Amino acid sequence: MTISGAAGGSGGERRAFITGAGRGIGRAIATALAASGLRLVLHAREHAAEASALRVELPGGPHALVTGDLTHAEELRRVFEEAWGAFGGFDVLVNNAAIYEEHSPLELDADAFQAAWARTLAANLDAPALLCHLAARRMADAGGGRLVNVSSRGAFRGEPTAPAYAASKAGLNAMTQSFAKAFAPRNVLAFVVAPGWVDTERVAPIVRGERGEAIRQDMPIGRVTTADEVAAVVRFLATDAPASMTGAIVDVNGASYLRT
Ligand SMILES: NC(=O)c1ccc[n+]([C@@H]2O[C@H](COP(=O)([O-])OP(=O)(O)OC[C@H]3O[C@@H](n4cnc5c(N)ncnc54)[C@H](OP(=O)(O)O)[C@@H]3O)[C@@H](O)[C@H]2O)c1
């Protein structure tokens, strides 16, 4: 396997930094990339113990772990520097960390709505944008690299009870595509993966609860997506996807929402 458009680490080793890797889709991405031979810097905040255990379990180690809240600008800078320094740089950044918070505009007053909006945009758009900026410039100076950002079907379909989530993911898409254009001449590629419902710990009470049947009926494949399916697409984008795919948004939603 090769990572075209990416600089190698010491000895040609490929290195990836994955945010929110303690559970869910981030954990599955870490597992897929380690199985493909990448050296990993895992990031976690509240699930640091789980990420620490994963770091030891994964093949191809030693892998590294950095912790911190990415919505605090100074902490984000520290997390980035620790991640970059762990193995002398990284070739792939996967922005997976995000939050989903219900904030129905029909129900919340302005203060509550504004607070939810700010929290969501800080985690889902500001943090990945700053990490992309920091990483892309270092990658470009090192010869190249890849950015893979985890978005959502909600960016296209709308989220009536979480409009900031939809807006943050639409912004993430536009930011990624802008970076794809800006950094292509410097050999840094940028991709988006946009899942629909994915059966993770976070959403298990919903997709396995009383709404589960209605959600499955909305999925032509008859089930929700697995975290491993999303991870397989991220692995492809992080490693084998051709340079001409830069700027692509790849849907992983079981044909539940189709764009033309
Ligand atoms: N599951 C779905 O149905 C679905 C559908 C479409 C898109 N997605 C996207 O897929 C990605 C992963 O989702 P998931 O279901 O696996 O959710 P998850 O288990 O909650 O994972 C997201 C991780 O983000 C980290 N995070 C959140 N806020 C953070 C902050 N301020 N600073 C640092 N880390 C922070 C959390 O780390 P700690 O737990 O360590 O604090 C969390 O584990 C997200 O981008 C999500 O929007 C998911």
Can you compute the helix-only [θ] at 222 nm over the chain? Use -39500 (n - 2.57) per DSSP H run of at least 4 residues, normalise by all residues, nearest 500 deg cm²/dmol. -13000 deg cm²/dmol
Counting Lys and Arg as +1 and Asp and Glu as -1 over every other residue whose Cβ sits under 14 Å from the Cβ of Gly85, the net charge comes to +3
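With all distinct Cα pairs included, what does the Kirkwood hydrodynamic radius of the range 106-156 come out to in Å, to one decimal, could you say?
Evaluated on the range 106-156, it is 13.2 Å.
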By the scheme Lys and Arg +1, Asp and Glu -1, what is the net charge of all other residues having a beta-carbon under 10 Å from that of Glu13? +2
Net charge within 11 Å of Thr239 by Cβ-Cβ distance, Lys/Arg positive one each and Asp/Glu negative one each, not counting Thr239 itself? +1
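No lab work stands behind these numbers, since they all come straight from the coordinates. Please read all numbers here as calculations on a predicted model, not as lab measurements. Note that each Cβ is placed from the backbone with ideal geometry, even for glycine, and that neighbours are counted across all protein chains shown.
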